[in-house]
Number of protein chains: 2
Amino acid sequence: MAREPRSGSQLPVTPTTLADVAERAGVSRQTVSNAVNNPDLLRPDTLERVRQTIAELGYSPNRAARNLRTRTSSLIGLRFTPAQEGTANAMMDRFVHSLVEASDEAGYHVLLFPADDEDPVGGYDNLLRSTAVDAFVVTDTYLGNPQAAWLSQQRAPFVAFGRPWDDDVARHVWVDVDGAAGTRLATQHLIDRGHTRIAWIGWRKDSPIGEDRRSGWLTTMHANGLSTTGLASRVEDVVHSGAEAAAVLLDESTPTAFVCASDTLAMGVLHTLWIRQLAPGRDIAVVGFDDSQVAQVFPVGLTSVRQPLEDVAVEIVRTLRLLLSHQPVEARGVLLEPTLVIRESS
Amino acid sequence: MAREPRSGSQLPVTPTTLADVAERAGVSRQTVSNAVNNPDLLRPDTLERVRQTIAELGYSPNRAARNLRTRTSSLIGLRFTPAQEGTANAMMDRFVHSLVEASDEAGYHVLLFPADDEDPVGGYDNLLRSTAVDAFVVTDTYLGNPQAAWLSQQRAPFVAFGRPWDDDVARHVWVDVDGAAGTRLATQHLIDRGHTRIAWIGWRKDSPIGEDRRSGWLTTMHANGLSTTGLASRVEDVVHSGAEAAAVLLDESTPTAFVCASDTLAMGVLHTLWIRQLAPGRDIAVVGFDDSQVAQVFPVGLTSVRQPLEDVAVEIVRTLRLLLSHQPVEARGVLLEPTLVIRESS
DNA sequence: GGGTCCCCCTTGATCGATCCAACTGCGCTG
DNA sequence: CAGCGCAGTTGGATCGATCAAGGGGGACCC
């Protein structure tokens, strides 16, 4: 089993194995394994000697062998939906970045696999049965999505980013951001600035996330004794629709501020203001949702609700570790608070 | 070795193995393996019988065991740089999506690992030595970046998205987009629309990518007999700088159009136009680079150069497969042509 | 002196796939 | 009828790690 050490820093044809280290350090394989995984079991001087040999030979445990024996992979699967080019998608990308960071700190890597429209659970099934990943992070848990239910049924460990809105079925663990709290922040911010006629432009009624965000605006308005009649609009999540809705609301209800369910819709409002020669922030205030790049780069900075995606990722990874180590999870769901990033538009 | 088949569609505690399939189908393990990996070696009726058993038991080969034996992982490593929140980053995210799709079709998955600023090759080294990935895709090959050179030296298979600009050192395989061709398209488009005084706002001189894009503008102007004196500006890639540069150029050289090295800078130009009450597209034309979401969502759609990232990803995966199967790669580098997405701003 | 711990380390078996060499029919040839 | 080649199949070894037992030796106690 003797092997040549790495010449220079060149990778050898066959990488160093645990047995190589053992022989060189004059100990058994198990001792080397313990030096890596259970250092407390070794006498300090032995540990030091083995560690030095590991460093000398540039040894890293073979992932495949370890995975085979321990029946784990240190990989977290994430279905990466195809680029749809909207502001919501950009939010997801920011989340993926956070997830990669958080996972790494817990010793996990993130494995991406594509979405297959025809077979929504196909990718999951494959990775699960071939024991390629330890767990999943599920991101699209909107109403009627089969993934979460399917994974639960398979007893596959996973954490969802997003609440199960039809909670009579779902019994899984989740982390989410309180959208209503976000729009409450936004609305209160505008009220504090003296606005009283604050309009809402949101998504269609069948979107639970949209209705949640809408409720934040609604309750805050009412809590402040402000009327909301004629000030709400529900449209498709595209710039064009946002612009139209803003035009109609301006004509019919003369609002002085807009709270939107997304930055995309807020862009639409800004478009209408532009056409009507109204200055955002001075004439009319606008607040968006998601703090997308558009909000940041836009010449007139767009005030927007920002989801704490870094925290979401950390919380998800923390929960995953509990699940994987079969420890009890304190709460089935965790709800995090968003923040308001204030810019020139309000 | 007898195991219970899966009850219903529930995942068993210990998944089905190749030996289970063999026993149930009344053949040897090797025959099952061949049915999966070398179907031609089996008699049609045997193959059919084994395949049916595989389907019945819901068998998928254990990834770890296969990886250990074959010394491959079917994983492609990609360093996922932390979210810097610029338009360039959004471009990378779009590329990752394409890469996941292209990899999947070739039977690979994408493994993300975070960037460590202190040790630029740390993540690579780890994955390489632990044989966790088969190859890498390197995305940040700008001047002076050590990754590519280091990987080459380690004889690690990888393909770069981006040319090695200091090509006296680099000898690796790459795929890139012809930035100069993009700005040529943009400039010619503006010339065709009757513009003669077309300004350039680009990055600082030490960016080879920026200089490449600049050259496309320069050569096209000269090829059409147009002067470029006083029409070029090199600044930081932030909105603010773009706005300033546009203001200076407008005052001093009265251009009627702008070509920018990025959408970020184009946003700055739009900002200045907004302040000066100039209508983009009607009074002054603007072209950006990268076709980011900002360009698409902006009320006045921004004309922008779009990189064919889907094609880049496909080409990268194709090249990787050649590398991994030790087949000769036809060309050390492949240069793809971008397209111009024309919107209202020009 | 001898037994009992405990600490530290070693040995053999194992995870589940693929590689390897050998083995079995079967048809054909000399 | 022995010998040979070919296609299909077989059991055993192997990849490199961890798991589960199994010592050896010193300290300590009776």
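Quick notes
- Per-residue ³J(HN,Hα) for the range A:228-241, Karplus 6.51 cos²θ - 1.76 cosθ + 1.60, θ = phi - 60°, Hz, x for Gly and Pro: 10, 5, x, 10, 10, 8, 10, 9, 5, 7, 9, 3, 3, 5
- Taking all Cα pairs closer than 8 Å and separated by 6 or more residues, the relative contact order of the range A:179-306 comes to 25 percent.
- Counts of other chain beta carbons within 10 angstrom of each beta carbon in peptide B:102-109 average 3.
- For the pair A:Gln30 and A:Thr254 in one chain, pulling the backbone fully straight at 0.36 nm per residue adds 73.0 nm over the alpha carbon distance.
- Amide hydrogen neighbours beyond the local backbone of A:Leu336, cut-off 5 Å, H modeled: A:Asp176, A:Val177, A:Asp178
- Per-residue HN-Hα couplings for the range B:65-71 [Karplus 6.51, -1.76, 1.60; θ = phi - 60°; Hz; x = Gly/Pro]: 5, 5, 4, 4, 6, 8, 6
- Accessible-area value, B:Ser74, 1.4 Å probe, nucleic acids and ligands omitted, Å²: 40
- For chain B, size of Cβ-based charge dipole, Lys and Arg +1, Asp and Glu -1, in debye: 900
- Of all accessible heavy-atom area on the range A:179-306, the percent that carbon and sulfur account for (1.4 Å): 51
- Sparsely packed chymotrypsin sites (Phe, Trp or Tyr not before Pro) within the range A:80-164, loop by DSSP, other Cβ within 10 Å at most 16: A:Tyr142
- Under 5 Å, built H, 5+ apart or other chain: amide partners of B:Phe80: B:Phe113, B:Ala115
- Protection proxy ranking of B:46-58, B:300-312 - average other beta-carbon atoms within 10 Å, highest first: B:300-312, B:46-58
- Amide H contacts under 5 Å for A:Ala160, placed H, 5+ residues apart: A:Val138, A:Val173, A:Trp174, A:Val175
- When accessible surface is computed with a 1.4 Å probe, chains B and A are found to bury approximately 6000 Å² between them, both chains counted.
- Measuring nothing but how far apart in sequence close Cα pairs (under 8 Å, 6+ apart) lie, relative to its length, chain B scores a relative contact order of 15 percent.
- Think of a 1.4 Å ball rolled over the protein heavy atoms: the protein assembly as shown then has 44 Å² of accessible area per residue.
- Note on chain A: helix-only mean residue ellipticity at 222 nm, from DSSP H runs of 4+ residues weighted -39500 (n - 2.57) and normalised by residue number, equals -13500 deg cm²/dmol.
- The accessible-area ordering, largest first, of the residues A:His271, B:His189 stands as A:His271, B:His189, per a 1.4 angstrom probe.
- Average beta carbon contacts from partner chains per residue of B:62-73, 10 Å cutoff: 6
- At least 20 Å² of accessible area lost relative to the chain alone, listed for the range A:282-300 with a 1.4 Å probe: A:Gln293, A:Val294, A:Gln296, A:Val297, A:Phe298, A:Pro299, A:Val300
The values are calculated or read from the model by the stated rules, or taken from the named source; none is laboratory data. None of these values were measured; they are calculated from a predicted model. Counting neighbours? That spans all protein chains shown, and the Cβs are built from the backbone with ideal geometry, glycine included. With ligands, DNA and RNA removed, areas are computed over all heavy atoms of the protein, side chains included. Shrake-Rupley method; radii C 1.70, N 1.55, O 1.52, S 1.80 Å.
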